[in-house]
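Contents: one structure, followed by commentary.
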Protein chains: 4
Amino acid sequence: MPLTRQEVRVVALAKLRLAPGQIFWDLGTGTGAVAVEAARLLRPEGKVYAVERDLKRVAVARANASRWELGNLAILEGEAPEVLLSLPSPHRVFVGGSGGKLGPILKVVGERLLPGGRVAITGVTLDTLWEAYRWADTSGWEAELLGMTLVRGEKVGSRCLLKGGNPIFLVVAEKPGEGR
Amino acid sequence: MPLTRQEVRVVALAKLRLAPGQIFWDLGTGTGAVAVEAARLLRPEGKVYAVERDLKRVAVARANASRWELGNLAILEGEAPEVLLSLPSPHRVFVGGSGGKLGPILKVVGERLLPGGRVAITGVTLDTLWEAYRWADTSGWEAELLGMTLVRGEKVGSRCLLKGGNPIFLVVAEKPGEGR
Amino acid sequence: MPLTRQEVRVVALAKLRLAPGQIFWDLGTGTGAVAVEAARLLRPEGKVYAVERDLKRVAVARANASRWELGNLAILEGEAPEVLLSLPSPHRVFVGGSGGKLGPILKVVGERLLPGGRVAITGVTLDTLWEAYRWADTSGWEAELLGMTLVRGEKVGSRCLLKGGNPIFLVVAEKPGEGR
Amino acid sequence: MPLTRQEVRVVALAKLRLAPGQIFWDLGTGTGAVAVEAARLLRPEGKVYAVERDLKRVAVARANASRWELGNLAILEGEAPEVLLSLPSPHRVFVGGSGGKLGPILKVVGERLLPGGRVAITGVTLDTLWEAYRWADTSGWEAELLGMTLVRGEKVGSRCLLKGGNPIFLVVAEKPGEGR
């Protein structure tokens, strides 16, 4: 199962405003769902670099990606922020997981993101939400904080139980400057 | 564990506006949490009749109630609406569970509730919510529909995960007429 | 402002699973946001028919659509379900508004939707939610009920107020049969 | 209108577990709703000290309180934490508003709260939520974080619109030690 649910993925990608030819970093790609979707939206010229430190997840992400024959998606085993040094600077960044290193990762993203570039950070803990919000707020970038709580109907006998889930937060920020 | 969570119980009881000397029906009392709380608020003259069809739950509710030495609480094994025939007419009714018989139960509650009396119905399925809302709406009583979604912080390592739960709905209605 | 917010639009479109060449009905198109997005995703062969009974909204939707030079989008002034008679049968239907005629609209959608086709209905009232859910449930189609509650951060002085909004519900259903 | 809604007040008071004879501080009492309710629950021996820095609100709170003839409620014009120096140490504290001084207030509460005492802090901004959570977490007290999102049905024509509101957060913490 993808770490980031479909509803959150599509909202995050919509807020990132993908456009042809962009460089996209997907940090903590998990099963690769965001990376695959971004690669499909950005092909043929745009390029997606998906980073994951967990070997098993890298294998799952590569298996998922192989079904789509995406020549513009590279799934890299490695840990952010170190692995980012070797990647071209991005127009768009999605942070789906940060392995306890959100601070150092956002520092690098702040430096490497191209002018006019956008970053979306997901959080399910109060700590991540606060850290992402504070980073966006103090960096003076235009930022948006969004929380999503989803309820799903589940048939129990003849009745429709309303099942809730954990709220998920998104912090989306745009780096000042001309760009796309 | 009580079927109705603490937060929902206290909100429901606040909206029922208990006052000394009232007769209170607690239908589908489960572990007896609402009944015990109501009996404490209504003692010494007010009286609580708690109904439960599940034998094991009746035992649990009686064990819970015994800790409080409440002389004004009767926990009855039986099924609503049939068992209601033998009870004195209520000023207040809480419907925490209806065993698939919400329609017949609300019919009896509509007839037996004293003028100015109030009823609160909890629901976790869309079906119960709709049935309770429709009943209150078509009966022409003043009614309120409230949904509550709770999020709880849960420590996971050093972080605070925000855990969601199922939404719970309350329909509260007041029968027209002078009364309390 | 669009009647259906961006977050709900992208989730609904994702669940509708658009594919090249499809016929798409957007009923109660409002300012045309869903229709424009669908037309962009379906061009060049796919075709979007957007229906709106309010003349002013039709004008707004046409103005919005004109910016995109979409040859595959027709915005029709008229009322569902009557206006649907003249349209080709759809692979996908989005019901963003129904003007109090959800029952008759869903009857026509049930008949006209192609095998394997999908419909998404949005609702902000309990009545619409119930009617859409019941229709999907009794028609025996595979269906999904989703509620979304969004929270937005709003800067008030130096603080970030968490602003809630009305919950929005989606009922998505797939007609049995082979198709796309 | 009370600053803290009924549903939040009753949940906060339930979590504070009031008992006869306690000293209760209500900081940022606003219109006095929490203070009045606490004074009713704690009378006759328990005592409530309600603090408010806004003169108009003090007048409103006093007018509201006068209807209840509560001999155990003092509404004090003044600003926390300074005004707290003159008050007896509390068993229970409710922080409904902090006028930007939550840090200093919690420092005093941490020192003055009696062993086994409980404090509940409400927050509607991410900043207050984080500050209250961090304070409780680092002080090593047993703490609970609760968020409540309420939905209310509102009749619009013959339909029931589901209206959302801002989420409200509660941080409740208990000071270690024997006490009540």
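Values in this text are rule-based calculations from the coordinates and carry no lab data. The structure displayed is predicted, hence computed values, not measured ones. Cβ atoms come from the backbone with ideal geometry, glycine included; neighbour counts cover every protein chain shown.
Here are the numbers for this structure:
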| quantity | calculated |
| --- | --- |
| Exposure proxy ranking, count of Cβ atoms within 10 Å, fewest first, for D:V60, A:V95 | D:V60, A:V95 |
| Sequence-distant aspartates and glutamates (8 or more away, or on other chains) whose Cα lies within less than 15 Å of D:K175 | D:E111, D:D137, D:E142, D:E144 |
| Taking A:W25, D:W130, C:W141 and counting other C-beta atoms within 10 Å, the order from fewest to most | C:W141, D:W130, A:W25 |
| Amide H contacts of D:I23 (H built 1.01 Å from N, under 5 Å, at least 5 apart or other chain) | D:K47, D:H91, D:R92 |
| Exam field: D:A74 pseudo-label spacings to other copies (7 Å along Cα-Cβ), nanometres | 4.8, 7.1, 7.9 |
| Rounded to whole Hz, the Karplus (6.51, -1.76, 1.60) HN-Hα couplings of the stretch B:146-157, x for glycine and proline | 10, x, 10, 10, 10, 10, 10, x, 10, 5, 10, x |
| Max mean-square fluctuation residue, GNM over chain B, Cα-Cα springs under 10 Å, options B:V93, B:V119, B:V108 | B:V108 |
| Sorted largest first, extent of the stretch A:27-180 alpha carbons per principal axis (Å) | 54, 39, 28 |
| Debye log10 I(q)/I(0) at q = 0.23, 0.33 Å⁻¹ for the stretch B:137-179, Cα point scatterers | -0.81, -1.07 |
| At 7 Å out from Cα toward Cβ: C:A63 inter-copy label distances (nm, ascending) | 4.6, 5.3, 7.0 |
| Peptide B:164-172 - average C-beta neighbours from other chains (10 Å radius) | 5 |
| C:R53, C:R67 arranged by Cβ crowding within 10 Å, fewest neighbours leading | C:R67, C:R53 |
| For residues of A:122-132, the mean tally of beta carbons on other chains within 10 Å | 6 |
| Residue with peak Gaussian network fluctuation, chain D [Cα springs, cutoff 10 Å], from D:K155, D:K101, D:K56 | D:K155 |
| Rotational relation D to C, axis-closest Cβ in chain D, residue and distance rounded to whole Å | D:G164, 2 |
| Solvent-free Debye scattering, log10 I(q)/I(0), computed from the Cα coordinates of the protein assembly as shown at q = 0.05, 0.07, 0.12 Å⁻¹ | -0.29, -0.58, -1.38 |
| Pairwise centroid distance, computed over Cα atoms, of the stretch D:102-117 with the stretch C:109-180, Å | 46 |
| Spacing of the two label points (7 Å from each Cα toward its C-beta) at D:L55 and C:E111, in nm | 7.3 |
| GluC sites (Glu not before Pro) restricted to DSSP loop in the stretch C:24-76 with at most 13 other C-beta within 10 Å | C:E45, C:E69 |
| Average beta-carbon neighbours from other chains, 10 Å sphere, peptide C:5-13 | 4 |
| Violating pairs (Cα-Cα greater than 25 angstrom) within the set C:K155/D:K101; B:K107/C:K101; A:K101/A:K163 | B:K107/C:K101; A:K101/A:K163 |
| Position D:R152, label points 7 Å along Cα→Cβ, spacing to each other copy in nm (shortest first, one decimal) | 2.1, 2.7, 3.2 |
